[in-house]
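Derivation of every value follows stated rules applied to the coordinates shown; laboratory data play no part. Small disclaimer: the values here were computed from a predicted structure and weren't measured. FYI the Cβ positions are ideal-geometry reconstructions off the backbone, even for glycines, and counts take in every protein chain you see.
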Amino acid sequence: MPPTRARNTYLSNAVASAPPERLLTMLYDGLVNNIAMAEDAMERRDYFKLNELLVNSQEMVLALQATLKPELWNGGPSLMAIYTYVYRLLVRGNTQKDPGALSEARKLLEPLQEAWHKAAEQVLTERASAHVSGLAASA
């Protein structure tokens, strides 16, 4: 199997088997990484790669918006507003070749990325603890 195909198969399997909280952190990781690579592409004036990375990043932000249910918690509307703003920054970075817009988008997302990683870790820890407790109770 060619390396690219093997990598794609691995990634596809990782996504298909990941719990929801892990999918969210994977999406944030990919988004922040894409923006960092786009900043590098802009610096190198590789506008083809820049466009490719930013269009992909915009799709990731749209996926975050599509899965967010802002009515379920107080911070939901604010997070939706951040996603909308980040999307606009990515478009501006791409269409106007504005490095400041990309930097601002990345700096807005990095603390969210870290917070979601912490929250996902907590959920996974609680789930594992509940599983162990359930096993002990049934023994």
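Taking 0.36 nm per residue of separation and subtracting the current Cα-Cα distance, fully stretching the chain between Leu79 and Glu114 would add 11.1 nm. From the alpha carbon centroid of the stretch 27-50 to that of the stretch 79-107 is 12 Å. In a DSSP loop and with at most 11 other Cβ atoms within 10 Å, the chymotrypsin sites (Phe, Trp or Tyr not before Pro) in the stretch 11-90 are Trp73. Cα to Cα, under 28 Å, and not fewer than 8 places away if on the same chain: which lysines meet these conditions relative to Lys69? Cα-Cα hits under 28 Å: Lys107, Lys118.
As a proxy for reagent exposure, ranking Arg106, Arg88 by other Cβ atoms within 10 Å from fewest up yields Arg88, Arg106.
In this Cβ point-charge picture (+1 for Lys and Arg, -1 for Asp and Glu), the stretch 19-138 has a dipole of about 160 debye about its Cα centre.
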